[in-house]
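Participant: One structure, as structure tokens, below. Some questions next.
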Amino acid sequence: MAILPFRPSAQKRFQRLVQPHLTALHSFAYRLTGSLQDAEDLVQDVVVKLYPRLDELESVDQLRPWLNRVLYRQFIDSVRKKGRQADRPVSELMEAESQSDWLDSQMSDDQSPELELNKERLGPMLDRALEQMSPDQRTLLLLHDVDGWRQEDVAEVLGVPIGTVKSRLHRSRAALRKHLQLAMEPDDDSGRLEH
């Protein structure tokens with residue numbers, strides 16, 4: 001059975017629905033894949049998959065979270081098919097200035113001299129700490145704490161209850177904190193930090 005192409009009016013309806021969300025979808029896809037080419041391919045796969053489902057798209061109340069959920073599931077499927085993990089350092093996930101802004105926002109106003117002295121080492125420490133976490137924990141922290149997604153939106157995209165997001169977020173932050181504390185402990189009596 002051949003799939004008939006949309007009439008021009010249907011193409012315009014599809015474009016009107018999806019076009020406003022393409023930039024956000026590309027950004028989310030890049031966060032997940034770590035590659036501009038892979039992100040473009042992922043978004044294209046999602047758009048191609050959704051193109052024949054125009055009626056379903058028009059019936060969705062909140063399209064952005066729904067599209068993000070579809071994109072996330074497509075990403076998970078592609079990772080499983082390729083049999084590889086999409087692990088990358090956080091520095092590759094964020095532009096340098098947004099990383100330093102986020103790191104600065106995580107610092108308290110009453111910083112200890114040791115922490116101030118080693119502030120430039122925090123980025124690489126954060127990369128190593130995040131590398132030691134599971135991909136699910138990293139994704140959750142990046143979506144909520146770095147990108148600023150609301151917990152409700154994260155729950156919608158991941159397809160889990162908001163209570164699950166809250167508890168996973170708590171455990172992920174605790175794990176990150178533990179990894180960072182271990183990285184900041186002196187490795188000998190001289191008090192020198194690990195590299």
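The values are calculated or read from the model by the stated rules, or taken from the named source; none is laboratory data. Keep in mind the model is a prediction, meaning the values are calculated, not measured. Reconstructed Cβ throughout: ideal geometry from the backbone, glycine too, with neighbour counts over all protein chains shown. Note: accessible area is taken over every heavy atom of the protein model, side chains too, but ligands, DNA and RNA are not part of it. Shrake-Rupley method; radii C 1.70, N 1.55, O 1.52, S 1.80 Å.
Participant: So which residues in segment 37-63 are outside any loop (DSSP other than H, G, I, E, B), more than 25 Å from Glu131 (Cβ to Cβ) and among the polar types (S, T, N, Q), if there are any at all?
Facilitator: Result: Gln44, Ser59.
Participant: Val146 fails exactly one of the following numbered conditions: (1) surrounded by 13 or more Cβ atoms within 10 Å (Cβ to Cβ); (2) at pLDDT 75 or above; (3) more than 17 Å from the chain's Cα centre (by Cα). What is the number of that condition?
Facilitator: It fails just one condition, (3).
Participant: Just checking, how many residues over segment 37-63 are loosely packed, with under 14 Cβ neighbours inside 10 Å, touching a helix residue (DSSP H, G or I) at 6+ places or on another chain (Cβ under 9 Å) and at pLDDT 90 or above?
Facilitator: Adding up the residues that qualify gives 1.
Participant: Keeping to segment 13-36, report how many residues are free of Cβ contacts under 8 Å to residues at least 24 places away in the same chain and not in a helix (DSSP H, G or I).
Facilitator: The number of residues fulfilling the criteria is 1.
Participant: Does Glu156 meet the test of being at pLDDT 65 or above and buried (at least 18 other Cβ atoms within 10 Å of the Cβ)? Show your work before the answer.
Facilitator: On the way: at pLDDT 65 or above: yes; buried (at least 18 other Cβ atoms within 10 Å of the Cβ): yes.
For Glu156, the condition - at pLDDT 65 or above and buried (at least 18 other Cβ atoms within 10 Å of the Cβ) - is met.
Participant: Between Arg69, Arg13, which is modelled with pLDDT of 85 or more, of a type in the set (Lys, Arg), over 18 Å from Gln137 (Cα atoms) and surrounded by 13 or more Cβ atoms within 10 Å (Cβ to Cβ)?
Facilitator: On the way: Arg69 fails: over 18 Å from Gln137 (Cα atoms).
Criteria check complete, one pass: Arg13.
Participant: Also: List the pairs whose first member sits in segment 137-151 and is assigned to a helix (DSSP H, G or I), whose second member is of a type in the set (Val, Ile, Thr) and open to solvent by less than 50 Å² (accessible area, probe 1.4 Å), and whose Cβ atoms are under 6 Å apart, counting only residues at least 6 apart or on separate chains?
Facilitator: Leu143/Val154; His144/Val154; Gln151/Val165
Participant: Which one of the conditions (1) in contact (Cβ under 8 Å) with a residue 40 or more places away in the chain; (2) under 23 Å from Val79 (Cα atoms); (3) not β-branched (Val, Ile, Thr) does Ala175 fail to meet, given that it meets all the rest?
Facilitator: (2)
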